[in-house]
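Please treat every number below as a calculation from the coordinates, not as lab data. Please read all numbers here as calculations on a predicted model, not as lab measurements. Here the Cβ is made from the backbone with ideal geometry for all residues, glycine too, and neighbour counts use every protein chain on show.
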């Protein structure tokens with residue numbers, strides 16, 4: 001059985017046989033998988049009304065544990081976005097009543113971002129749907145295949161600066 005990437009590789013082999021396109025076999029598939037997964041994620045989360053990146057902000061706050069507060073800097077560093085993109089997301093989430101800005105008890109000059117009760121409820125409902133969507137995508141893989149894929153992806157990810165967590 002062949003996939004779209006096999007088709008693309010065949011085209012490159014005909015168009016430029018001297019070009020080593022072997023890396024496209026991996027990256028092409030990863031990119032197409034991420035597009036399919038992104039579409040499935042967007043469809044699954046659509047009923048919750050999240051815009052791009054808002055789910056990630058709320059999920060990051062929720063996984064931080066009680067009292068579900070982080071600084072804006074912690075958020076944008078965790079999510080690998082710019083401070084400007086984070087400010088935009090936080091403003092929208094605050095308008096929706098899903099987060100609130102709280103004076104930092106450790107430093108009165110700083111603020112923290114915290115989940116509201118409504119925000120906590122919505123993200124917990126969305127997380128159930130989100131994880132079920134991801135599980136459905138991976139359902140065709142055996143447990144051994146999933147474990148091997150996790151190991152290989154971790155090895156690749158750890159080649160990038162800042163990805164190792166001790």
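So what is the relative contact order for region 54-116, in percent, with contacts set as C-alpha pairs under 8 Å and at least six apart? Averaging sequence separation for qualifying contacts and normalising by length gives 35 percent for region 54-116. Axis of helix 83-95 versus longest Cα principal axis of the chain: the two differ by about 60°, to the nearest ten degrees.
What is the Å³ per residue value for the convex hull set by the Cα atoms of region 54-116? Walk me through the numbers before you get to the answer.
Details: hull volume 4.9 nm³, N = 63.
Per-residue hull volume (Cα only) is 77 Å³.
Could you work out the per residue convex hull volume over the alpha carbons of the chain, in cubic angstrom? Numbers along the way, then the final one.
Numbers: hull volume 29.2 nm³, N = 166.
With only Cα atoms used, the chain gives 176 Å³ per residue.
Taking the Cα atoms of region 75-166, the ratio Rg/Rh between the radius of gyration and the Kirkwood radius comes to 1.08. Taking every C-alpha pair closer than 8 Å and separated by at least 6 residues, the mean separation divided by the residue count of region 68-166 gives a relative contact order of 20 percent.
For 56, 3, what ranking results if the residue with the fewest other Cβ atoms within 10 Å of its Cβ goes first? Result, fewest neighbours first: 3, 56. For the chain, take the longest principal axis of its alpha carbons; what is the angle in degrees between that and the long axis of helix 4-15, to the nearest 10 within 0 to 90? That works out to roughly 50 degrees.
The angle between the Cα long axis of helix 54-63 and the main principal axis of the chain comes to about 70°, on a 0 to 90 degree scale.
Which value in deg cm²/dmol, rounded to the nearest 500, describes the helix-derived mean residue ellipticity at 222 nm for the chain, given -39,500 (n - 2.57) per DSSP H run of n ≥ 4 and division by the residue count? Spell out each step's value before the answer.
On the way: 7 runs with 104 residues, N = 166.
That calculation yields -20500 deg cm²/dmol at 222 nm.
Using a cutoff of 8 angstrom between alpha carbon atoms and counting only pairs six or more residues apart, the relative contact order for region 1-146 works out to 22 percent.
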